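So the structure is just underneath, and the comments pick up after that.
The values are calculated or read from the model by the stated rules, or taken from the named source; none is laboratory data. Given the structure is predicted, the values throughout are model-derived calculations rather than measurements. Note: ideal-geometry Cβ built from the backbone for every residue, glycine included; neighbour counts use all protein chains shown. All accessible areas refer to the heavy atoms of the entire protein, side chains included, with ligands and DNA or RNA removed. Shrake-Rupley method; radii C 1.70, N 1.55, O 1.52, S 1.80 Å.
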Amino acid sequence: MNKIGIFGGTFNPPHFGHMILAEGVVEALKLDKLIFIPAYTPPHKTKANIIEPAHRLKMLKLAIDGNKYFDISDIEIKRGGTSFTYDTLQSLKEKHKDSKLFLIIGMDNYRDFCYWKNYNLIFDLCEVVVLKRSNDEKNQQHFINIYIGVLCSKWDISSLAS
């Protein structure tokens, strides 16, 4: 069974922090592949400072070029409208029936996870991997079926426009 990581986000713009985290997750979870999925319109961000989806997709393609573990999907950009993780995971699960999916999110996203569309059903589609930064709280043992702290980045890197 293939193990596929799903790394969605705005990628506004994609940067070294994304690549460092992605490589760390591939290594830590022994993934066969990690798919970057840029959002068309993220549901929890304003459009004011977001680069056009086609440009973010092109930058991401350049950023992952040459890494045999990295792939990219334009599923959310082709779909258009607001990008919801649940919808994307449903489509990917159909496409990769014989694979185990791992959704990669940051602790900042996990804190708001209960506000995501069909958040409780996401656990039926994949394992959720929560990455925490070095300054995140240490006691995460109450989470079930979630990999917390697989990778603890010492780099405090984020996109210019959050």
Result of the Cβ filter at 6 Å on the stretch 7-35, keeping first residues that are in contact (Cβ under 8 Å) with a residue 12 or more places away in the chain and partners that are of a type in the set (Asp, Glu), at least 6 apart or interchain, is 33/71; 35/71
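Can you tell which of 80, 24 is closer than 24 Å to residue 123 by Cβ and open to solvent by less than 50 Å² (accessible area, probe 1.4 Å)?
Numbers: 80 fails: closer than 24 Å to residue 123 by Cβ.
When all the criteria are applied, what remains is 24.
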May I ask you to list the residues in the stretch 57-77 that are charged (D, E, K, R) and over 23 Å from residue 122 (Cβ atoms)? 58, 61, 65, 68
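Here is a yes/no grid of residues against (1) more than 20 Å from residue 3 (Cα to Cα); (2) surrounded by 16 or more Cβ atoms within 10 Å (Cβ to Cβ); (3) out of contact with any Asp or Glu (no Cβ under 8 Å at 6 or more places or on another chain); (4) not aliphatic (A, V, I, L, M):
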{"position": "50", "(1), (2), (3), (4)": "yes, yes, yes, no"}
{"position": "89", "(1), (2), (3), (4)": "no, yes, yes, no"}
{"position": "97", "(1), (2), (3), (4)": "no, no, yes, yes"}
{"position": "102", "(1), (2), (3), (4)": "no, yes, no, yes"}
Tell me whether the stretch 9-18 contains one or more residues that are modelled with pLDDT of 95 or more, under 15 Å from residue 67 (Cα atoms) and surrounded by 14 or more Cβ atoms within 10 Å (Cβ to Cβ). no
Selection from the stretch 68-106 of residues that are assigned to a helix (DSSP H, G or I) and in contact (Cβ under 8 Å) with a residue 60 or more places away in the chain: 76, 85, 88, 89, 92
What's the number of the condition residue 2 fails, among (1) more than 24 Å from residue 110 (Cβ to Cβ); (2) open to solvent by 60 Å² or more (accessible area, probe 1.4 Å); (3) without any contact (Cβ under 8 Å) to a residue 40 or more places away in the chain? (3)
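Kindly indicate the residue of the stretch 52-77 that is under 20 Å from residue 16 (Cβ atoms) and among the small types (Gly, Ala, Ser) and also surrounded by the most Cβ atoms within 10 Å (Cβ to Cβ) among those meeting that condition.
Narrowing the stretch 52-77 to residues under 20 Å from residue 16 (Cβ atoms): 55-72.
When the remaining residues are screened for being among the small types (Gly, Ala, Ser), the result is 63, 66.
Values: 63: 20, 66: 7.
If we take residues in the stretch 52-77 being under 20 Å from residue 16 (Cβ atoms) and among the small types (Gly, Ala, Ser), then 63 is surrounded by the most Cβ atoms within 10 Å (Cβ to Cβ).
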Looking only at the stretch 27-42, which residues are part of a loop (DSSP other than H, G, I, E, B), open to solvent by less than 60 Å² (accessible area, probe 1.4 Å), closer than 21 Å to residue 81 by Cα and of a type outside the set (Gly, Ala, Ser)? 42
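In the stretch 47-67, how many are assigned to a helix (DSSP H, G or I) and either of a type in the set (Asp, Glu) or over 17 Å from the mean Cα position of the chain (by Cα) (or both)?
Restricting attention to the stretch 47-67, the residues satisfying the condition of being assigned to a helix (DSSP H, G or I) are 53-64.
With either of a type in the set (Asp, Glu) or over 17 Å from the mean Cα position of the chain (by Cα) (or both) added as a condition, the list becomes 54-55, 58, 62.
So the answer is 4.
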Does the stretch 64-80 include one or more residues that are farther than 18 Å from residue 102 by Cα and among the hydroxyl-bearing types (Ser, Thr, Tyr)? no
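So if I check each of 119, 86, 147, 115, which one is closer than 23 Å to residue 33 by Cα and either of a type in the set (Lys, Arg) or modelled with pLDDT of 70 or more (or both)? So that I can check it myself, show each step before the final result.
Numbers: 119 fails: closer than 23 Å to residue 33 by Cα; 147 fails: either of a type in the set (Lys, Arg) or modelled with pLDDT of 70 or more (or both); 115 fails: closer than 23 Å to residue 33 by Cα.
Just a single option satisfies the conditions, and that option is 86.
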